[in-house]
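Everything below concerns the one structure shown next.
The values are calculated or read from the model by the stated rules, or taken from the named source; none is laboratory data. This one's a predicted model, so the numbers in the text were calculated from it and none came from an experiment. Here Cβ is always computed from backbone atoms with ideal geometry, including for glycine, and neighbour counts include all displayed protein chains.
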Amino acid sequence: MRNLMKEWLKGHITITIRGKRFERLLNLAVREGIQLWNIRRIAPDIGKCDIWIRDYFRLRPLLRQTGCRSHVERREGLPFWLIRLRMRAGFTLGAVLFLVGLYMMSTFVWRVEIRGAQQIPAYQVQQAAEKVGIKEGAWKAKLKETKVLQRELLNLLPQASWIGVELNGTKAIIQVVERQTQEPEKPLGPRNLIAKKRAVVHSIVAEAGKSMVRVNQFVDKGQVLISGVLGNETRQALVAARGKVEGEVWYVSNVSVPTTRTQYHLTGQQQELYYLVLGSYAVRLWPFEAQSYAQSRTTEERYQAGYAQYALPIVWKKVIQQEMAVEKKEIGRDEAVETAKRFARMDVLSRAGKGAIIQDEKVLHVKTENGKVYLSIHYSVIEDIAAEQPIVARPPVPHPSGN
Amino acid sequence: MKRWSRRLRHLAVGILDLPQDVVLEVPRITMIGHLQMYIENHRGVLHFTDQELRLLLTNGQLLVNGEQLVIRAILPEEVLLEGKIGGVKFLQKP
């Protein structure tokens, strides 16, 4: 393998030699140890060959000896490049300065990115980082090792449990992991727990306060379940009542379900339409003739070229139409009732709130009329019935019969 | 004396199994199709055009003719020739 790099560094020229004694010149040159290659004869008294620049000067006495004349055709290699560069000194200087500048600029921190700071304000992290030396325009070589920086930052920001510093090119990334502090519980004001619905108490657990009702007792809306007033008339203390009261609540749900069911399904037929939208006009470009579907689902995508907030007024729109078939199905009465029950259950559970359990379900009434099944269903649901009621003024001492 | 040395050399080739080109000072020619030709043990270029190359040998001449002949490289005893080589001919010294 030839060393192309070395050859290029040495530099060679292509010369034409005019003279009668070309062969004699060749022999002499070879004997002198001058390297010649790509030798050819162009005309009876003109030869052409390649030669190293250094050897060219050794060839000249031989030329004189054989009475030949040489003419340089082509120059190749680094030496000639250097000459050309010297001729365009300004250009060369500019290129070198650019590279030097680029390198210099890349040794600075240009951007500080703070990640993961949510509770700790970003400016606080920034200030701490500046104190350590990480700021925009800081020289990277002067910054300490990232491990040291991390430790110093952590000392300055005790709210963080870990801080990572990473220099990514000209960007300094500060990753903050915050300490998970438990939210202190809000001090609760004195309060009662009252019933939010008419119900029969199913279970009652008082964590704080005095329970005022018993299991299986009927309570009205607004009745105190767990009282926040402790003690007797002479010695009283107010606490925030806490606890869980579950009650059995009755609901009646009226549902109607049609006995025919309409179903849509895709047939698999679809077409894509392409539009060019100019302002309020849309021109369809493809296809030339669009099929029309009786029922279809249409999805639309818009592409708009632009940069930042500037956008071209031309919009490319693609519409996909998928054909749908309609199927009407007659469902039996039993199935309709089942469906109605399902809906009724969902309805009741949404009315009852979170954590509710349906204890009992009774169909009160079924009626088929005008292609619909009407149902009214009774539900007994066990749900949380406690609601909070702050004790504002000094209340009268509650007694078991209610407020 | 000269005849004696020639005889000795022939003997060496025969008995010691030496390559002939080393001993007898004749050219060793390697050809790659008609495209390239590598000639060792020459004694100088006598005539060169793009249709003919005439090389001097220890006794005699070597004549190569063809078209578009180019000497790719040349050293004191070696020549690398390229082009469409048509024929090779030895001219013995009379």
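Observations, loosely collected:
- Taking every residue in region A:250-271 that is more than 30 Å from A:Val219 (Cβ to Cβ) and pairing it with any residue that is assigned to a strand (DSSP E or B) and among the hydroxyl-bearing types (Ser, Thr, Tyr), at least 6 positions away or on another chain, the pairs with Cβ-Cβ distances below 7 Å are A:Ser256/A:Tyr374.
- Selection status of B:His42, within 12 Å of chain A (Cβ to nearest Cβ) and either more than 18 Å from A:Gly47 (Cβ to Cβ) or surrounded by 15 or more Cβ atoms within 10 Å (Cβ to Cβ) (or both): yes
- Count of residues meeting criterion [more than 60 Å from the chain's Cα centre (by Cα) and without any contact (Cβ under 8 Å) to a residue 40 or more places away in the chain] in region A:66-96: 0
- Given (1) touching a Lys or Arg at 6+ places or on another chain (Cβ under 8 Å); (2) under 30 Å from A:Thr170 (Cβ atoms), number of the condition A:Ile53 does not satisfy: (2)
- If the condition is being farther than 12 Å from B:Glu77 by Cβ and over 9 Å from the mean Cα position of the chain (by Cα), then region B:23-44 contributes B:Val23, B:Leu24, B:Thr30, B:Met31, B:Ile32, B:Gly33, B:His34, B:Leu35, B:Gln36, B:Met37.
- Candidate set: region A:19-63, residues that are away from chain B (no Cβ under 13 Å) and exposed (fewer than 15 other Cβ atoms within 10 Å of the Cβ); chosen: the one nearest to B:Glu77 (Cα to Cα): A:Arg58
- Residues that are more than 7 Å from every other protein chain (Cβ to nearest Cβ) and either among the β-branched types (Val, Ile, Thr) or part of a strand (DSSP E or B) (or both) within region B:70-87 comprise B:Glu78, B:Val79, B:Leu80, B:Leu81, B:Glu82, B:Gly83, B:Lys84, B:Ile85, B:Gly86, B:Gly87, listed in sequence order.
- Residue under evaluation A:Ala95, criteria (1) at pLDDT 90 or above; (2) within 14 Å of chain B (Cβ to nearest Cβ), criterion not met: (2)
- Residue ID - surrounded by the fewest Cβ atoms within 10 Å (Cβ to Cβ), chosen from residues in region A:148-180 that are touching a residue at least 60 places away in the same chain (Cβ under 8 Å) and in a loop (DSSP other than H, G, I, E, B): A:Gly169
- Residue tally, condition closer than 18 Å to A:Asn38 by Cα and not in a strand (DSSP E or B), over region B:35-52: 5
- Any hit, region A:187-202, residues being without any contact (Cβ under 8 Å) to a residue 24 or more places away in the chain and farther than 15 Å from A:Lys244 by Cβ: yes
- Residue match in region A:120-137 (condition: of a type in the set (S, T, N, Q), in contact (Cβ under 8 Å) with a residue 24 or more places away in the chain and in a helix (DSSP H, G or I)): yes
- Some residue of region A:312-324 being without any contact (Cβ under 8 Å) to a residue 12 or more places away in the chain and either surrounded by 10 or more Cβ atoms within 10 Å (Cβ to Cβ) or out of contact with any His (no Cβ under 6 Å at 6 or more places or on another chain) (or both): yes
- If the condition is being more than 25 Å from B:Glu82 (Cα to Cα), in a helix (DSSP H, G or I) and out of contact with any helix residue (DSSP H, G or I) (no Cβ under 8 Å at 6 or more places or on another chain), then region B:16-33 contributes only B:Leu16.
- Some residue of region A:97-111 being of a type in the set (D, E, K, R) and farther than 30 Å from A:Lys20 by Cβ: yes
- Residue within region B:56-69 that is part of a loop (DSSP other than H, G, I, E, B), without any contact (Cβ under 8 Å) to a residue 60 or more places away in the chain, of a type outside the set (A, V, I, L, M) and more than 10 Å from every other protein chain (Cβ to nearest Cβ) present: yes
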